Amino acid sequence: MSVIFSDTAKAEFDRLLTRYPDKEAVILPSLHLAQREFGFVSDEAIVYIAGLLGVSPAQIEGVATFYTMYNRKPVGKYHVQVCRNIACSLLGAEHLIEHVAGRLGVLPGGTTRDGKFTLSQVECLGSCGTAPVMQINDDYYENLTEASIDAILEKLR
Ligand code: FES
């Protein structure tokens, strides 16, 4: 499958090129753009971005696999990312991840059969003061409890 940016995304990519000092610096925002445009960062998207930036696909892949916010495989309509780093962990993240897994019927890394939810465990989401925290698509949910998780997931079902 070949991937190519829409006209809107290509215009945004061209704007990125003017905003950053060098092509390496454009890798991160380009990957965000690709994820938004294609749903996840496929091998094809990596080769495509590498071609646009004139850098090696391996360089792009190294960045894409280093950061957990880039999805290297398709995710569900809602990507539920529960933080398991230290602050969240001290406040029960492990138990909450198990709770979400039980509610969704998938293990971390899995996607529900209807394609609606993917569950991931991630490292610090940068909101340690409001731990435990999860991110679903672009939204943060903080000070989580089993009850608040149930209410959030119920709304999205
Ligand atoms: S440890 Fe969970 S947000 Fe920082």
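Where a number appears in this text, it was derived from the coordinates with a stated rule and is not lab data. Worth saying up front: this structure is predicted, and the values here are computed from it rather than measured. Don't worry about glycine lacking a Cβ; one is built from the backbone with ideal geometry, like all the others, and counts go over all protein chains shown.
Checking each residue in the stretch 98-110 for being touching a residue at least 24 places away in the same chain (Cβ under 8 Å) and out of contact with any Leu (no Cβ under 8 Å at 6 or more places or on another chain) picks out only HIS99.
Can you name the residue in the stretch 1-41 that is β-branched (Val, Ile, Thr) and not in a loop (DSSP other than H, G, I, E, B) and is also nearest to ARG72 (Cα to Cα) among such residues?
Narrowing the stretch 1-41 to residues β-branched (Val, Ile, Thr): 3-4, 8, 18, 26-27, 41.
Adding the requirement that they be not in a loop (DSSP other than H, G, I, E, B) leaves 8, 18, 26-27.
Details: THR8: 23, THR18: 27, VAL26: 19, ILE27: 15 Å.
My answer is ILE27.
What about GLU44, is it more than 21 Å from ALA151 (Cβ to Cβ), without any contact (Cβ under 8 Å) to a residue 60 or more places away in the chain, within 16 Å of the ligand (Cβ to nearest atom) and surrounded by fewer than 18 Cβ atoms within 10 Å (Cβ to Cβ)? Steps first, please.
Values: more than 21 Å from ALA151 (Cβ to Cβ): yes; without any contact (Cβ under 8 Å) to a residue 60 or more places away in the chain: yes; within 16 Å of the ligand (Cβ to nearest atom): no; surrounded by fewer than 18 Cβ atoms within 10 Å (Cβ to Cβ): yes.
So GLU44 does not fit the description; no.
Filtering the stretch 43-66 to residues that are in contact with a helix residue (DSSP H, G or I) (Cβ under 8 Å, 6 or more places away or on another chain) and assigned to a loop (DSSP other than H, G, I, E, B) leaves VAL55, SER56. Against the test of being closer than 16 Å to GLN135 by Cα and among the polar types (S, T, N, Q), the options THR112, THR68 yield a single qualifying residue, THR68. For the stretch 95-126, a residue qualifies if it is touching a helix residue (DSSP H, G or I) at 6+ places or on another chain (Cβ under 9 Å) and more than 17 Å from LEU153 (Cβ to Cβ), and the qualifying residues are CYS124, LEU125.
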